[in-house]
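A.B. asks: One structure is given below, represented as structure tokens, and several questions about it will come after.
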Amino acid sequence: MSALLNVKDMTHYFGGLRAVNNYNLNIEPKQITGLIGPNGAGKTTIFNLITGVYTPTKGNIHLQGENIKGLDTNKIAAKGLGRTFQNLALWRHMNVLDHIKMAHYSQLTYGLFGSFFNTPACRRQESEIRENAYRLLELFGVDQFADQLVGNLPYGAQRRVEMARAMATNPKILFLDEPTAGMTPDELVQMIKIIRQVHETFGVAIFLIEHRMKFVMELCEFIQTLVFGEIIAEGPPEEIQNNPEVIEAYLGKEDVT
Amino acid sequence: MDLLELFQYILQNLINALQRGSFYAVISIGYSMVYGVLMLFNFAHGDIFMVGTYIGFAIATLFLALFSSFLPGWIIFIGTVVITMFLASWIGVFVEVAGYRPLRAAPRASAAITGLMIGIIFETGILIMLGAKRLSFPPLMESVAYKVGGIYFTNVKVMIIIISLLLMLVLHTFIQKTKWGMAMRAMSYDFLAVPLMGVSINIIAPLTFAVGAGLASVAGILYGQAYPILDPYMGVLIGWKAFVAAILGGRGSIKGAAMAGYLLGFIEIFVAIIFPSTLRDLIAYSIVLLILTYRPRGFFGMEHSTKLRL
């Protein structure tokens, strides 16, 4: 069986700057993989390349055996890729339910007439989505905010809404860009629990960027370390944790004797 | 002048202001919608209004020649509006696809210049096709004057005001209730996440232009009923004034654009009552400038993390 997501020899230039060099990635179904590395290493660029924000200069990307390189983001998303952003890409003046409704956009079949005259077909679809939405929001612990504007929610809840929205598109693989950035230790522990729960409930593969070692070590089965656009080490958490090159990249050179 | 006469006089001008404001409001909504979705001002919008008026003129003339012997006037009117809206919306789609889409990643200044160029192409195109002769818009309904309580008004004026309000109501429903409207709203808050919902920006963006152009073309038909002279440069001044309304209402805010459109109508009409009419625009837009000095974001402008880049 082929991998769920396979990236082969991906290289990308921004003008003359080589941002990513010969990057390879293989994610099996249900696997949780972490991508770590210092600031500016190119982690988010890799996310943007795979999700179609940029088209890589060289290399190939396969999702479920299908080449997705050069496709528009909306097509890639429809093939089963969900994503959250480091700086939260939420619609601040829309309520939480509307966020989930947007995720069901392609399933909304009622047209102008249906929505203007609130036809039975339109009402039925709306209530179906609402039901699904509440189930999902409950899983992420944000169901009590369903009718509130997202901009008014506490920060941790906003992160969870964003993740719920990504999951509402029913992805096979979920990309999380620093899911714990700016979170308190309590929220961090809660986030680990939620990601575990999502992983078990939906059987979704997860690819995440993180800075907090505790979080990465606890969740990931496989970790890649990126420095200046190149992978300097990859392997299971224990291996990465003790890899002198990784420690050097993060903490500076150390005399290991 | 006693108090009653003064009151009548003000009411009389209020109706005129409402009519003028209706044009500004409906046209400025087109600026705001596009800004909301793509963060750019479509400087060709005034000329899209002009082209829409010409399309309306052609359809109205054709329909009147073909059907006026056996169909009642209001059916011809509705038919003209619907067909014109449909055709004009394709002008909007064309402007997005041919003009702005190749420039999505380019600096905003390139898009602004392109918009102005598209406008010039439209103006010159019409000039070449139809010549410099001024055309007159055929009346789609017989103008009847009424006098109620000392105030004069025509059925045309009332129709213009009512249809404009109706259009805005329909647009509001479209934005709030349909999935396309929902996607437009989402894009105006943050557009990174929209494609991840499986929504194609290459559908939503031209649709936004289409709606704006459709609205402008109806404004054009109504304008043709009030001021029945067409010329290729008719869109320039009214386009800029509607743009001012869009800024005054707050960038990207449809509600703001509509309200500012009416406000602009009121300011213009009432300034002309007090001051000589040659000074009208000078004084009216000085007032607008003053408002913007104290409220640069306009009435309902959202705080954007980025400054306006032109």
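The values are calculated or read from the model by the stated rules, or taken from the named source; none is laboratory data. Source: prediction; values computed, not measured. Ideal geometry is used to build each Cβ from the backbone, glycine not excepted, and the neighbour counts take in all protein chains shown.
A.B. asks: Looking at B:MET234 and the list (1) surrounded by fewer than 24 Cβ atoms within 10 Å (Cβ to Cβ); (2) within 14 Å of another protein chain (Cβ to nearest Cβ), which single condition is not satisfied?
C.D. replies: Among (1) surrounded by fewer than 24 Cβ atoms within 10 Å (Cβ to Cβ); (2) within 14 Å of another protein chain (Cβ to nearest Cβ), B:MET234 violates only (2).
A.B. asks: Additional query: Take residues that are under 30 Å from B:GLY36 (Cα atoms), among the acidic types (Asp, Glu) and free of Cβ contacts under 8 Å to residues at least 40 places away in the same chain and tell me which of the helices (runs of 4 or more DSSP H) falling wholly in segment A:15-115 contain 3 or more.
C.D. replies: none
A.B. asks: A further question on this structure: Can B:ALA284 be described as buried (at least 24 other Cβ atoms within 10 Å of the Cβ), assigned to a helix (DSSP H, G or I) and hydrophobic (A, V, I, L, M, F, W, C)?
C.D. replies: Here the answer is no, as B:ALA284 does not meet what is asked.
A.B. asks: Within segment B:89-96, is there a residue that is of a type in the set (D, E, K, R) and modelled with pLDDT under 95?
C.D. replies: Checked against the condition, which is being of a type in the set (D, E, K, R) and modelled with pLDDT under 95, segment B:89-96 yields no hits at all.
A.B. asks: If a residue must be aliphatic (A, V, I, L, M), within 14 Å of chain B (Cβ to nearest Cβ) and under 20 Å from A:PRO179 (Cα atoms), how many such residues does segment A:12-71 contain?
C.D. replies: 2
A.B. asks: Turning to a different aspect of this structure: Of all residues in segment A:164-174 being under 18 Å from A:LEU35 (Cβ atoms) and buried (at least 24 other Cβ atoms within 10 Å of the Cβ), which is nearest to the other protein chains (Cβ to nearest Cβ)?
C.D. replies: Applying the filter and picking the extreme gives A:ALA166.
A.B. asks: Another question, then. Return a yes/no flag: does segment A:202-220 have any residue that is among the basic types (Lys, Arg) and either closer than 24 Å to A:THR11 by Cβ or part of a helix (DSSP H, G or I) (or both).
C.D. replies: Within segment A:202-220, one or more residues are among the basic types (Lys, Arg) and either closer than 24 Å to A:THR11 by Cβ or part of a helix (DSSP H, G or I) (or both).
A.B. asks: Go through segment A:98-109 residue by residue and tally those that are within 8 Å of chain B (Cβ to nearest Cβ) and over 21 Å from the mean Cα position of the chain (by Cα).
C.D. replies: Residues that pass the stated criteria total 1.
A.B. asks: Among the residues that make up segment B:242-263, is at least one of them free of Cβ contacts under 8 Å to residues at least 24 places away in the same chain and either in a helix (DSSP H, G or I) or not acidic (Asp, Glu) (or both)? Outline the logic, then answer.
C.D. replies: From segment B:242-263, those free of Cβ contacts under 8 Å to residues at least 24 places away in the same chain are none; that's our starting set.
There is no residue in segment B:242-263 that is free of Cβ contacts under 8 Å to residues at least 24 places away in the same chain and either in a helix (DSSP H, G or I) or not acidic (Asp, Glu) (or both).
A.B. asks: Sticking with this structure for a sec: Scan segment B:90-113 residue by residue and report those that are farther than 14 Å from B:GLY46 by Cα and either of a type in the set (Lys, Arg) or touching a residue at least 24 places away in the same chain (Cβ under 8 Å) (or both).
C.D. replies: B:TRP90, B:VAL93, B:GLU96, B:VAL97, B:GLY99, B:TYR100, B:ARG101, B:ARG104, B:PRO107, B:ARG108, B:ALA109, B:ALA111 - these are the residues of segment B:90-113 that are farther than 14 Å from B:GLY46 by Cα and either of a type in the set (Lys, Arg) or touching a residue at least 24 places away in the same chain (Cβ under 8 Å) (or both).
A.B. asks: Right, another one. Looking at A:GLN197, A:GLN148, A:GLN224, can you tell me which residue is loosely packed, with under 14 Cβ neighbours inside 10 Å, out of contact with any Phe, Trp or Tyr (no Cβ under 7 Å at 6 or more places or on another chain) and either among the hydroxyl-bearing types (Ser, Thr, Tyr) or at pLDDT 90 or above (or both)?
C.D. replies: A:GLN197
A.B. asks: Output the number of the condition that B:ARG185 fails; it satisfies all remaining conditions of (1) buried (at least 23 other Cβ atoms within 10 Å of the Cβ); (2) within 30 Å of A:GLU162 (Cα to Cα).
C.D. replies: So B:ARG185 meets the others, but not (1).
A.B. asks: Evaluate the following for B:SER200: is it small (Gly, Ala, Ser), over 17 Å from the mean Cα position of the chain (by Cα), on the phi < 0 side of the Ramachandran plot and within 14 Å of chain A (Cβ to nearest Cβ)?
C.D. replies: yes
A.B. asks: Could I ask something else about it? Condition first: of a type in the set (A, V, I, L, M), out of contact with any helix residue (DSSP H, G or I) (no Cβ under 8 Å at 6 or more places or on another chain) and in a helix (DSSP H, G or I). Now tell me which residues in segment B:136-169 satisfy that.
C.D. replies: B:VAL158, B:ILE162, B:LEU166, B:LEU169
A.B. asks: Please enumerate the residues belonging to segment A:72-82 that are at the interface with chain B (Cβ under 7 Å from one of its Cβ atoms) and of a type in the set (A, V, I, L, M, F, W, C).
C.D. replies: Result: A:ALA77, A:ALA78.
A.B. asks: Filtering segment A:83-97 down to residues that are more than 21 Å from A:GLY182 (Cα to Cα) and facing another protein chain (nearest Cβ under 7 Å), which residue is surrounded by the most Cβ atoms within 10 Å (Cβ to Cβ)?
C.D. replies: Per the criteria, the residue is A:MET94.
A.B. asks: Can you tell me which of A:THR73, A:THR33 is under 16 Å from A:LEU208 (Cα atoms) and under 17 Å from the mean Cα position of the chain (by Cα)? Before the answer, list the steps.
C.D. replies: Details: A:THR73 fails: under 16 Å from A:LEU208 (Cα atoms).
It is A:THR33.
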